[in-house]
Structures are given as C-alpha cells and as structure tokens.
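*Asks:* Sharing a structure with you now.
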Amino acid sequence: MSQDVTPELNLVYLPDGRVVNETNQDPAIERVTGHQNYWVAADLGQANDYTAVAVIKDEALPIVDGSKVIVGPRRRSIVYADRFRGVSYVDVVDHLIRLRNAPPFGGKSELVIDGTSLGRVVSDMLWDQGIDHHAVQMTGGQQWRKESSRYTNAGKSFMIENLSVLFASGDLKFAHDLPLRDEINSDLASFSLQTTAAGNQIITQSRSAGGHGDLGIAVIVGAFASQYLRPQMITTHTLRGWY
C-alpha cells in the first residue's frame with residue numbers, strides 16, 4: 001500500500017525579507033512568495049529613565065497544502081527585548097541603527113519608535129541621518145491616523161486593546177527563550193482601563209521601580225505597527241497578510 005508523503009519545500013530566504021520556495025525549474029511547482037520581517041520597536045526615555053527595545057518577528061512562509069503550494073498562516077513572535085539607561089540620545093540613535101542592521105534583522109527590519117514627546121527628538125535625529133522609520137505618537141481616543149510618511153497618531157487605549165487581541169487570538173506570542181519576558185508581562189499588567197465621570201474610558205499606568213512600563217510600551221508600539229503599518233521596504237511586490 002502506498003502512502004501519500006507531503007513534500008518538503010526548499011525555502012529561499014531573500015535579503016529583503018521575501019521567502020520563496022525553490023522550484024528547481026519544475027513547471028509543475030508554483031513559486032509562491034511569503035515573508036519574514038522584523039519590527040524593531042523602541043520606547044525612548046530621558047537620561048535617568050529606561051529606553052526599551054523589543055523586536056517582533058513577522059512571517060508567513062510558503063507551505064504545501066494538498067497538491068498546491070500556498071502562503072501559510074501569519075505568525076508573529078517577540079524574539080528580542082532589552083532596556084538600558086544613562087546614555088545620550090546620540091548613543092540611543094546609534095544603538096537603534098546598529099540593532100536594525102544586525103543579523104538576522106539587517107535588510108528586512110522596520111524601525112518604529114514611540115514618537116510622543118521626547119521621541120520627536122530621536123525621530124528628527126534618525127531623519128537627519130536618512131534612516132527610514134515610523135514614529136507613533138500616542139493620543140487619546142480609539143482611532144489611528146497616518147499623519148505623514150514618518151508620523152502616525154494612534155490612541156493609546158486602541159493600541160493596548162490591539163495588543164490584547166493579538167495575544168488572546170494567538171496571533172502574537174513570546175519566543176520560548178525570550179529574556180525579560182517576566183518584566184514585559186509585569187509592565188503590561190501595570191496598565192488598567194478606567195471610566196471617567198463623563199463616561200470616557202482612559203488608560204492609566206502604575207509606575208514600578210523595576211521597569212516603569214518601558215518594555216510594555218515598546219511591545220505595544222511594535223504590535224500596533226505590525227498590525228496596521230505597511231513595511232516601508234516593500235515597494236515592488238505585495239506580501240500576503242499585511243493589513
């Protein structure tokens with residue numbers, strides 16, 4: 001008795017984040033384009049506060065589905081987290097640029113920062129160096145709007161709810177060996193939703209000596225960007241799964 005064996009695909013990871021299946025010039029095998037990209041997200045603090053960075057891996061790879069090759073389900077995971085303080089904005093900018101260009105992120109990563117308040121200074125410094133990035137300015141309300149090629153305004157409660165939905169649905173997970181995972185969870189738990197006397201819902205955040213919510217903000221910003229902002233690097237082809 002013969003058994004059906006699902007063939008394994010030979011995937012080719014291109015430098016720009018595209019992932020294609022090798023066809024070996026077999027006309028019976030369709031070439032399909034998936035993606036593997038990274039969102040490098042940062043919450044920026046003053047000299048005595050923490051600056052936090054989180055990286056979300058975002059991929060949808062070609063898979064075999066019956067007799068066809070298709071783009072598989074989109075998967076996102078937090079694969080890197082770090083925080084530091086006591087450094088100048090110049091050093092912060094240099095660090096973000098080096099991190100974005102470091103393996104495996106180099107050539108297929110998007111840099112996104114909290115552009116609120118002091119983030120505008122870092123955004124201007126990145127812009128002056130010709131570094132493409134997204135600057136997300138946190139606002140009130142339940143909406144988001146693209147203000148320019150660089151700036152996006154988004155309601156803080158909207159962004160937190162987006163992260164909650166992504167975690168609850170399993171669309172975003174932690175890498176199993178992620179350092180600072182407990183600290184991220186602690187930061188996220190510090191946010192709470194309250195209703196004012198006027199009936200408006202607002203987000204409040206308890207500040208802890210351990211992290212001050214910085215890692216949580218970095219993850220919130222990165223998750224929002226991965227869900228709603230189109231990667232700037234994609235100009236000549238469309239990858240399935242972007243919103």
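Every number in this text was worked out from the coordinates using simple rules, so none of it is lab data. Owing to the predicted nature of the structure, the values given are computational and were not obtained by experimental measurement. A quick note on method: Cβ atoms are made from the backbone with ideal geometry, for glycine too, and the neighbour counts reach across all protein chains shown.
*Asks:* If the chain between ARG181 and LEU14 were fully stretched, how many nm would it gain, using 0.36 nm times the residue separation less the Cα-Cα distance?
*Replies:* Working it through step by step, the gained length comes to 57.1 nm.
*Asks:* Could you check the simple spin-label distance between SER77 and GLU22, using points 7 Å along Cα→Cβ, in nm with one decimal?
*Replies:* 2.4
*Asks:* Need the full-extension length gain, ARG31 to TYR151, defined as separation in residues times 0.36 nm minus the C-alpha distance. One decimal, nm.
*Replies:* 39.6 nm is the gain from fully extending ARG31 to TYR151.
*Asks:* Enumerate the lysines that LYS146 could reach by cross-link, defined here as Cα to Cα under 27 Å, with residues fewer than 8 away along the same chain left out.
*Replies:* Reachable lysines: LYS57, LYS108, LYS156, LYS173.
*Asks:* While we're looking at this one, here's another question. Per residue of region 11-16, what does 6.51 cos²θ - 1.76 cosθ + 1.60 with θ = phi - 60° give for ³J(HN,Hα)? Whole Hz please, x for Gly and Pro, Karplus curve as stated.
*Replies:* So the Karplus estimates, Gly and Pro as x, are 8, 10, 9, 7, x, 8 Hz.
*Asks:* If you don't mind, there's one more thing I want to ask. Summing Lys, Arg as +1 and Asp, Glu as -1, what charge do residues with Cβ under 11 Å from the Cβ of PHE84 carry, PHE84 excluded?
*Replies:* Taking every other residue near PHE84 into account, the sum is -2.
*Asks:* Give me, ordered by chain and number, the residues 5 or more places off TYR80 or on other chains with an amide H under 5 Å from its own placed amide H.
*Replies:* The answer is VAL55.
*Asks:* In whole Hz, what ³J(HN,Hα) sequence does region 121-129 give by Karplus (6.51, -1.76, 1.60; θ = phi - 60°), x for Gly and Pro?
*Replies:* In residue order, the calculated couplings are 5, 5, 4, 5, 5, 5, 4, 5, 8 Hz.
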